[in-house]
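Student: My questions all concern the structure below.
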Amino acid sequence: MSTFDQPDRGPEGVESTGHGPVTPFGATATTDVLAAYDGGEPQARRASWFAVGALGLLVLALVAGVTYGVQSLSGGGTQPEEALPAGAVAFAEIDLDPPAGQKVNAFRFLRQFPALRGKLTGDDMRQVVFESVADDAGWADVDFSREVAPWLGQRIAVAAYPADRFGPANGQGDAPGASPDAFAIPKVVVALQVTDEGAARDGIAALISAAARPGLASGATAGSTPGFVVKDGYALLAESRALAERAAEATAEGALAASGDYASDMSGLGDGFASAWVDMTNGGPMAALANPLALGAAGNLAGVAAMSGGTGRAAYVARFDGPDAFEVVGRTTAVDVLADVAPAKLTGFDQLPATSAVAFGFAGGDALVDSSWESLRTRLEGNGLSMDAFADEAERSLGIKLPADLRTVLGSNLLAVLDSSGFEKRRLDIGVRTTTDPVAAQPVIRRLTRALQRSQPEIRSNITDDGYIVATNGATVRALAATTGNSLGQQAVFRRALPDVADSRMALWIDVRPLVSRFMGLSERGDAPEADLAPIAGFGMTASTDGAEGSFRMRLVTD
């Protein structure tokens with residue numbers, strides 16, 4: 001095939017040449033007690049949101065990996081979703097009383113990290129979590145064993161609802177049925193399991209009081225007071241007494257657990273230490289922002305859906321898979337923008353060079369262009385932006401016509417790498433190899449290459465028998481063209497991080513160690529954050545789709 005590399009020589013004096021043919025890579029309940037702390041001091045009344053948020057941190061801290069809890073989500077007893085009302089657009093829960101096997105795996109995994117090792121010294125995970133947020137929440141002087149442990153249960157969850165879900169609270173908010181503001185602040189309700197309802201009322205009021213000290217709640221709404229309802233073994237906490245009471249009434253009418261979408265989305269995901277669920281269709285942009293780690297987006301191509309209106313739902317379960325792997329698995333459903341897109345399987349990802357510090361693969365991108373382009377056009381024009389103006393600028397500056405040329409550039413199988421080979425020379429070796437129509441690709445890639453060379457003269461490109469390669473230098477072009485040599489698929493850590501890459505549509509691989517060594521200066525002194533990154537061997541993410549449905553896995557592995 002023809003090669004159209006520019007004659008400019010790279011820093012090594014190598015001019016890119018053609019490589020010839022390249023082989024393709026292969027029950028209704030009654031409320032027992034309604035209680036709230038009604039302290040008359042102004043300082044106490046300033047703590048409306050902070051105290052609720054601090055309790056919510058008991059979930060967020062764990063989800064973020066500050067500490068942990070492990071559970072069998074299908075275990076007995078009342079779950080938080082049975083204590084929360086239906087109509088949520090986002091939900092996350094954790095249980096701090098894990099089965100023995102999972103608990104052992106969690107300890108062994110997390111004790112590899114110096115920042116966590118010192119925190120994992122007790123058997124009561126409630127205390128571990130409480131102490132991790134106590135200082136920021138204003139609870140440093142609270143005696144956990146005497147004032148909290150006697151009433152605090154093991155389960156906790158946070159749910160977000162549309163701003164008008166419970167009607168106006170304390171004179172604020174829109175009436176039910178009013179036209180919603182897509183970016184209105186959602187109402188948040190925390191469900192906290194309690195073992196002694198009387199002690200819990202006193203204990204929660206004391207925590208709210210402690211959190212109301214000056215400086216701790218400067219962002220809270222003036223004149224509001226956190227409220228809570230104790231009901232059937234759970235305390236429902238919200239930013240006001242009125243909101244907590246209305247949430248309790250709504251739960252009696254229907255719980256989240258009985259919601260058809262929630263129940264069906266969570267079924268079959270298996271056990272784990274935490275779960276989460278997001279309804280982007282009914283929650284709009286705010287729900288999309290609440291999507292934990294955006295996994296439903298990045299992991300299931302719903303990033304396209306989020307940009308084009310945020311349709312679909314995402315469900316997650318997080319767990320420890322043995323002592324050397326932490327993973328999040330889940331599914332997306334009802335992503336309308338993908339409904340008519342045929343399934344596709346990524347090929348050649350495991351054949352990328354073993355020196356790939358970061359690798360990304362995406363199959364069937366060309367099939368997504370038309371539907372996502374029109375959806376994005378509608379979305380942007382609704383916000384006063386012009387898709388046509390964007391396309392005109394792309395043609396002027398890059399010489400490409402959108403969306404037609406975008407189909408060619410994405411192709412049916414796109415592979416991209418950041419190769420660590422150039423790290424010692426303080427050089428970033430980046431390249432893309434795409435399976436697409438080579439005849440259509442040649443003029444498009446020629447124009448793109450020339451445009452890129454205006455600022456990066458070392459850019460090289462090559463047309464292959466099945467598409468094209470573009471890279472920051474000739475050496476990377478040749479590495480991506482090679483069909484033999486040490487590959488990612490030959491590495492055990494890669495296979496542990498991406499066990500289902502062969503059945504995926506999208507894949508991401510990150511080899512953490514060369515990145516830490518190159519960009520953070522990993523040393524033998526054990527300094528943070530390098531020492532806390534050292535145990536990580538690799539990170540992988542895979543996703544597959546079948547029309548509007550999808551599945552995904554994110555996996556962090558250690559040695």
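Student: For segment 269-286, check the following and say yes or no: at least one residue is at pLDDT below 90 and under 20 Å from Ser504 (Cβ atoms).
Tutor: Yes, segment 269-286 has at least one match.
Residue by residue, here is whether (1) over 27 Å from the mean Cα position of the chain (by Cα); (2) within 28 Å of Leu556 (Cβ to Cβ); (3) surrounded by fewer than 21 Cβ atoms within 10 Å (Cβ to Cβ) holds:
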residue	(1), (2), (3)
Leu448	yes, no, yes
Thr464	yes, no, no
Ala481	yes, no, yes
Gln491	no, yes, yes
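Student: Going by what's in this entry, would Ala471 be described as within 30 Å of the chain's Cα centre (by Cα) and open to solvent by less than 10 Å² (accessible area, probe 1.4 Å)?
Tutor: yes
Student: Just to be sure, is Arg117 at pLDDT 75 or above, out of contact with any helix residue (DSSP H, G or I) (no Cβ under 7 Å at 6 or more places or on another chain) and closer than 18 Å to Val158 by Cα?
Tutor: No: the conditions fail for Arg117.
Residue-by-condition table, conditions (1) over 23 Å from Lys231 (Cα atoms); (2) at pLDDT 85 or above; (3) of a type in the set (Phe, Trp, Tyr):
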{"residue": "Gln127", "(1), (2), (3)": "yes, no, no"}
{"residue": "Gly138", "(1), (2), (3)": "yes, yes, no"}
{"residue": "Gln154", "(1), (2), (3)": "no, yes, no"}
{"residue": "Pro176", "(1), (2), (3)": "yes, no, no"}
{"residue": "Ile208", "(1), (2), (3)": "no, yes, no"}
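The values are calculated or read from the model by the stated rules, or taken from the named source; none is laboratory data. Bear in mind that the values here come from a model prediction, so they are computed numbers and not experimental data. No Cβ is skipped: glycine too gets one built from the backbone with ideal geometry, and neighbour counts run over all protein chains shown. Calculation scope for accessible area: heavy atoms of the full protein, side chains included, ligands and nucleic acids excluded. Shrake-Rupley method; radii C 1.70, N 1.55, O 1.52, S 1.80 Å.
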